[in-house]
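So the structure is just underneath, and the comments pick up after that.
The values are calculated or read from the model by the stated rules, or taken from the named source; none is laboratory data. Since we're looking at a predicted model, the values are computed, not measured. Here the Cβ positions follow ideal geometry from the backbone for every residue, glycine too, while neighbour counts run over all protein chains shown. For accessibility, only protein heavy atoms count, side chains too; no ligands or nucleic acids. Shrake-Rupley method; radii C 1.70, N 1.55, O 1.52, S 1.80 Å.
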Amino acid sequence: MISLVAAVGQNLELGKKGHVIWSFQEDLDFYLSQTRGKKLLVGKKTYDSMPTFPGKSTLYVLNEFDFDAAAQRTSDWGKEHTFVVTDLPKIIDQYKADDSGAGQSDELVVIGGAGVYAQTLPYATHLYLCEIKTSDPDADVFFPAFNPNDYQRTVLGQGTVADGEHKGLAFETVVYTRI
């Protein structure tokens, strides 16, 4: 099974100038609940921009060329569970579900960036999104457009940001399950 997890604005905004647009505790808690202890796929730029990753996760870093990704991990556990992937179709084939039941029984969670989301969206069975109830006109990175009619949308939670720069911002955490 392949899932994507992201925080998006009303126009599917993800980031601007190399950073995520919205960062707040409630979204971090949602992100961790969907990623901790799972197998994660991340693009090289996103990998380089993130100082840490959820504990006990196996990390696959998608890059055109092999490099020593494990050397950049700070925990010993992480170093032993970090791998570079240069063949995206191969890892997709390992996790995608099809009518024959092929694919691994566990989940591969895509955590960014935009290019990796776009490449894996056609194979994703679940989209876990923190939908921010505003937009950012200066956004320069977007989650790929998808047809909501291809999914069943389930609201997992909703609220407003309690503290920090985005205090009072409304959001919903949802899962889109492919029909």
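Per-structure values
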quantity: Cα pair distances in the chain, grouped into 10 Å bins until the bin that holds the longest one, percent each; calculated: 9, 37, 38, 15, 1
quantity: Residues with amide H under 5 Å from that of VAL141, placed H, sequence gap 5 or more; calculated: LEU14, GLY15
quantity: Most positive-pole-ward Cα, LEU108, ILE132, GLN152, against dipole of the chain from beta carbon charges; calculated: LEU108
quantity: Surface accessible to a 1.4 Å probe, per residue, for the residues of the chain, Å²; calculated: 53 Å²
quantity: The range 112-179: C-alpha pair distances exceeding 21 Å, %; calculated: 34 percent
quantity: All aspartates and glutamates inside 15 Å of LYS44 as judged from Cα atoms, apart from same-chain residues fewer than 8 positions distant; calculated: GLU64, ASP66, ASP68, ASP87
quantity: Charge dipole (debye, nearest 20) of the chain; +1 at Cβ of Lys and Arg, -1 at Cβ of Asp and Glu; calculated: 140 debye
quantity: Of all DSSP beta bridges in the chain, antiparallel share, percent nearest 5; calculated: 50 percent
